[in-house]
Amino acid sequence: MSFQYLADPGRGPRWQGLLPGEPAPFFLRQGEGEHAKLFGDLFTVLVSGAETDGQFGIIHSDAPAGPVIPSHSHAATHETFYVLAGQVRVYVAYPDGRKDSRLLAPGDFGFVPAGMTHAYRVEQDARILGVLSGGFERFFQKMGTPADSADPGQPPFIPGVERIMEAGREHGTTFFPDMTWPEP
């Protein structure tokens with residue numbers, strides 16, 4: 001049995017055209033934005049590099065608790081984690097070889113600069129706000145699948161390895177699947 005994330009796949013997502021695609025004022029109501037389902041997470045683009053002249057993008061993530069996501073680094077993308085609800089553990093590998101992690105709770109913030117290997121694990125169902133280098137917000141749409149709804153009851157979307165690798169190549173992301181992290 002398959003699940004349709006779009007009410008009418010032939011027409012594309014209902015949110016097409018919601019963001020202006022250029023620097024112009026706009027407003028979104030709660031739950032609006034460009035939704036994409038990736039694994040169990042629902043990523044919502046609130047503003048993209050197209051609206052900010054490539055300066056930044058902002059995403060919101062509704063994420064269930066789960067395993068550590070694959071370790072990775074972004075060649076030119078800075079990544080932030082502002083936890084609105086739940087708990088998220090962010091893992092970082094420093095240039096000197098040291099590995100560390102920090103558990104972020106509501107109101108906590110984390111920053112990982114471009115080029116640093118990192119991963120994260122949602123330890124308690126979470127809502128996360130992220131500000132990213134402009135254009136990178138599309139990574140989650142490329143790896144995931146567009147969704148019409150922000151309904152948390154949608155089933156997970158599990159991309160194939162080639163889709164993951166293609167999204168990584170397109171967005172300057174390298175994966176390190178064999179990297180391990182110390183237990184906190």
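The values are calculated or read from the model by the stated rules, or taken from the named source; none is laboratory data. Computed from a predicted model, the values in this text were never measured in an experiment. No Cβ is skipped: glycine too gets one built from the backbone with ideal geometry, and neighbour counts run over all protein chains shown. Side chains are part of the model used for accessible areas, which takes the heavy atoms of the whole protein and leaves out ligands, DNA and RNA. Shrake-Rupley method; radii C 1.70, N 1.55, O 1.52, S 1.80 Å.
Condition test on residue 100, is it modelled with pLDDT of 95 or more, acidic (Asp, Glu) and more than 13 Å from the chain's Cα centre (by Cα)?
Spelling it out, residue 100 is indeed modelled with pLDDT of 95 or more, acidic (Asp, Glu) and more than 13 Å from the chain's Cα centre (by Cα).
Scan segment 121-133 residue by residue and report those that are open to solvent by less than 30 Å² (accessible area, probe 1.4 Å) and over 22 Å from residue 152 (Cβ atoms).
Across segment 121-133, the qualifying residues are 132, 133.
Would you mention how many residues in segment 165-174 are buried (at least 17 other Cβ atoms within 10 Å of the Cβ) and more than 14 Å from residue 76 (Cα to Cα)?
Residues flagged as buried (at least 17 other Cβ atoms within 10 Å of the Cβ) and more than 14 Å from residue 76 (Cα to Cα) within segment 165-174 amount to 1.
Any chance you could count how many residues in segment 103-136 are of a type in the set (Ser, Thr, Tyr) and either farther than 29 Å from residue 31 by Cα or over 16 Å from the mean Cα position of the chain (by Cα) (or both)?
1
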